[in-house]
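*Asks:* Have a look at this one.
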Amino acid sequence: MAHMRKNALKDMTFAEFRERLPEKPVILLPFGSQEEQGPHAPMGDFMLTEAIALKVAVASGAIAAPTVPFGYADFFKTIPGGIQLRPSTFSAVVEDTINAFLDHGIEHLLILNGHTTNAPLIDHAVRRIRTETGVSVASINLWQSIPESLWLELHGPAWAAARGHGGDPLTSVYMHLFPDLMRMDLSKPPGRARAFGLPTGGVNNVQFEGMPVHLPLNCDEVNADGMLGGDPVLASAENGRRIVEHIVGFCSRFVEHMRGWDMRSPSPKNQKAN
């Protein structure tokens, strides 16, 4: 009886995974967050990262590890329902996840980061890993891998108004992947409040004489509904389909590119031609 080739590590027996190791497979390590996304979208944005990671695995032949659903999201802690890890905890989780594979000689690892605020801590963790083990671990910020050309195709001159927390890209991707979970009837505009008598530029700065001054703010101090810039009215399921298609294609092409790499040496002479 033929057995289906699996792409999710959680679905494999250890014997099935062991059989794949001679291929030196690329292992996808998805990280997301449990946080508010405005009043209209589910809080579990890790679901998007998980779904995209599996699509990348299927398209590229990589193996998707289970998604880590909690991230570093300190400025969302004032809205109930979120689960935020401390920086030290998140960094330790990243390192422990990576080391679980390195301990068995599995070195082709690609982090798929679905929460932008995780990025500095991921960078810190992978640099520490490289110092200690010599292995470089690649990371892709999913939502920052969308080129300006695609934003312009999807939204035209309104792309800046559509883009931001509470708007696109996540609202459109939710509408595409999880339409039954959406409550667009609850959507609110993304207006920003003032803090210390000054316009807010996000959760980490105010604008003084047109220039940013960094201050730690919570999301509800910028907008009571956690809308930090994007207008959800401009989102659509079709835009979400195109965004997912782009991200899956981009990540899959990168997986193919890195297959022949020696992850201990970035020197071209140690890489196979692609």
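*Asks:* For helix 237-258, what angle does its Cα long axis make with the longest principal axis of the chain, in degrees from 0 to 90 and rounded to 10?
*Replies:* The helix 237-258 is inclined about 40 degrees to the chain.
*Asks:* Here is a follow-up. Mind checking which of V94, F75, F14 is farthest towards the positive end of the chain's charge dipole, using Cβ charges of +1 (Lys, Arg) and -1 (Asp, Glu) about the Cα centre?
*Replies:* F14
*Asks:* Could you tell me which residue out of L110, I27, V135 lies farthest along the dipole of the chain toward its positive end? Charges go on the beta carbon: Lys and Arg +1, Asp and Glu -1, centred on the Cα centre.
*Replies:* It is V135, whose Cα lies furthest towards the positive end.
*Asks:* Taking +1 at the Cβ of each Lys and Arg and -1 at the Cβ of each Asp and Glu, which of A162, H176, L150 sits farthest along the dipole of the range 144-191 towards its positive end, judged by Cα position relative to the Cα centre?
*Replies:* A162
*Asks:* Tell me the angle of helix 87-102 to the major Cα principal axis of the chain, expressed in degrees between 0 and 90 and rounded to the nearest ten.
*Replies:* The angle comes out near 20 degrees.
*Asks:* Within the chain, what whole-number % of the accessible surface is contributed by carbon and sulfur, with the 1.4 Å probe and all protein chains included in the calculation? Spell out each step's value before the answer.
*Replies:* On the way: 7770 of 13550 Å².
Roughly 57 percent, rounded to a whole number.
*Asks:* Just the accessible area per residue of the range 34-113, please: how many Å² with a 1.4 Å probe?
*Replies:* Details: 2940 Å² over 80 residues.
Value for the range 34-113: 37 Å² per residue.
*Asks:* Sticking with this structure for a sec: Under a point-charge model restricted to the Cβ atoms of Lys and Arg (+1) and Asp and Glu (-1), what is the dipole moment magnitude of the range 156-222 relative to its Cα centre, in debye to the nearest 20? The partial results should precede the final answer.
*Replies:* Details: 5 positive and 6 negative charges, 19 e Å.
My answer is approximately 80 debye.
*Asks:* Let's see if you can work this out: charge +1 on each Lys and Arg Cβ, -1 on each Asp and Glu Cβ, no other charges. What is the dipole magnitude of the range 154-274 about its Cα centre, in debye to the nearest 20?
*Replies:* 580
*Asks:* Please list, by residue number, every one of the trypsin sites (Lys or Arg not before Pro) in the range 112-198 that is coil in DSSP and has at most 12 other beta-carbon atoms within 10 Å. Provide the component values of the computation, followed by the final result.
*Replies:* Numbers: sites: R127, R128, R130, R163, R183, R192, R194; in loops: R183, R192.
Loop-located and lightly packed - R183.
*Asks:* Something else about it: About the Cα centre of the chain, how large is the charge dipole given +1 on each Lys and Arg Cβ and -1 on each Asp and Glu Cβ? Please answer in debye to the nearest 20.
*Replies:* 680
*Asks:* For a quick check of understanding: with a 1.4 angstrom probe and all protein chains in place, what accessible area in square angstrom does V248 have, to the nearest ten?
*Replies:* Its accessible surface works out to 20 Å², give or take rounding.
The values are calculated or read from the model by the stated rules, or taken from the named source; none is laboratory data. Since we're looking at a predicted model, the values are computed, not measured. Every residue, glycine as well, gets a Cβ built from its backbone with ideal geometry; the counts of neighbours run over all protein chains shown. Surface accessibility is based on the protein's heavy atoms, side chains included, excluding ligands, DNA and RNA. Shrake-Rupley method; radii C 1.70, N 1.55, O 1.52, S 1.80 Å.
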